[in-house]
Amino acid sequence: MAAPEGYNTQTMSDFIGQEFASPAAILIDQDRINGFAEATGDHQWIHVDVERARKESPFGAPIAHGFLTLSLLAAEAINSGVIPADAKAALNYGLGKVRFLAPVTAGSEVRASYKLASVEDKGKGRSLLTIESTLGEADADTPAVVAELMAMVIS
């Protein structure tokens, strides 16, 4: 779902409660998981040792790092349109109420969804958005991660 007509940095407050979604699924393959492990230094076997994870993991396969799934929410916020297209910049401001509820196994596709919860005018062309965010596999009963994202939007 693209941003609704008329949604921009000047009208964000008019769209509180509006839902947004990723335009496409994101593949969480083993290469992405391994790349995240390299970038963060988190090489726990449940993420990167494919054979051991198949044999010993309760999930039967390697799983994505929780923080990998969380990190996807920021990029997908832009792709979903919840960050207005006319913004000069949008900066991560913080997180609230983060919960990792279900694993994402290697080879799965996930989607993100958002709901604009609040817009706070901070002056000087800055607005603080609070965004209720969810990411998970399309057919899963439970999302992988839910989080309250906060973004400082500069107009």
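The values are calculated or read from the model by the stated rules, or taken from the named source; none is laboratory data. The structure presented is a predicted model; accordingly, all values stated were derived computationally and were not measured. A quick note on method: Cβ atoms are made from the backbone with ideal geometry, for glycine too, and the neighbour counts reach across all protein chains shown. For accessibility, only protein heavy atoms count, side chains too; no ligands or nucleic acids. Shrake-Rupley method; radii C 1.70, N 1.55, O 1.52, S 1.80 Å.
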So which pairs qualify, if the first residue must be in segment 90-113 and touching a residue at least 24 places away in the same chain (Cβ under 8 Å) and at positive phi, the second must be in a strand (DSSP E or B) and crowded, with 17+ Cβ neighbours inside 10 Å, the Cβ gap must be under 7 Å, and the two must be at least 6 apart or on different chains? Gly94/Met150; Lys97/Ala147
Sort out which residues of segment 8-44 are open to solvent by 70 Å² or more (accessible area, probe 1.4 Å), out of contact with any strand residue (DSSP E or B) (no Cβ under 8 Å at 6 or more places or on another chain) and at pLDDT 95 or above, and write them in order of number. Gln10, Asp14, Asp31, Arg32, Glu38, Ala39, Thr40, His43, Gln44
Does Asp29 satisfy the criteria of being of a type outside the set (Ser, Thr, Tyr) and over 19 Å from the mean Cα position of the chain (by Cα)? no
Please tell me if Leu116 is in a helix (DSSP H, G or I) and open to solvent by less than 40 Å² (accessible area, probe 1.4 Å). no
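Can you report the number of residues in segment 113-155 which are within 13 Å of the chain's Cα centre (by Cα) and more than 14 Å from Ile83 (Cα to Cα)?
Of the residues in segment 113-155, the ones within 13 Å of the chain's Cα centre (by Cα) are 113-115, 131-137, 143-151.
Checking which are more than 14 Å from Ile83 (Cα to Cα) leaves us with 134-137, 143-148.
Residues in segment 113-155 being within 13 Å of the chain's Cα centre (by Cα) and more than 14 Å from Ile83 (Cα to Cα): 10 in total.
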Cβ-Cβ below 6 Å, separation at least six or inter-chain, first residue in segment 43-58 and farther than 15 Å from Arg32 by Cβ and of a type outside the set (D, E, K, R), second open to solvent by 50 Å² or more (accessible area, probe 1.4 Å) and in a helix (DSSP H, G or I): which pairs? Trp45/Arg52
Please give the number of the condition Gly60 fails out of (1) touching a Lys or Arg at 6+ places or on another chain (Cβ under 9 Å); (2) closer than 30 Å to Asp86 by Cβ. (2)
Where residues in segment 83-101 are of a type outside the set (Val, Ile, Thr) and buried (at least 16 other Cβ atoms within 10 Å of the Cβ), which of them is nearest to Asn34 (Cα to Cα)? Phe100
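Which residues, counting only those in segment 131-148, are open to solvent by 20 Å² or more (accessible area, probe 1.4 Å) and over 15 Å from Val104 (Cβ atoms)?
Filtering segment 131-148 down to residues open to solvent by 20 Å² or more (accessible area, probe 1.4 Å) leaves 132, 134, 137-143, 146, 148.
Of everything in segment 131-148, those that are open to solvent by 20 Å² or more (accessible area, probe 1.4 Å) and over 15 Å from Val104 (Cβ atoms) turn out to be Glu132, Glu148.
Just need a number here: residues in segment 17-48 that are charged (D, E, K, R) and in a helix (DSSP H, G or I).
Final tally of qualifying residues: 3.
Residues Glu5, Glu109, Glu51: which one is part of a helix (DSSP H, G or I), of a type outside the set (Lys, Arg) and open to solvent by 50 Å² or more (accessible area, probe 1.4 Å)?
Just a single option satisfies the conditions, and that option is Glu51.
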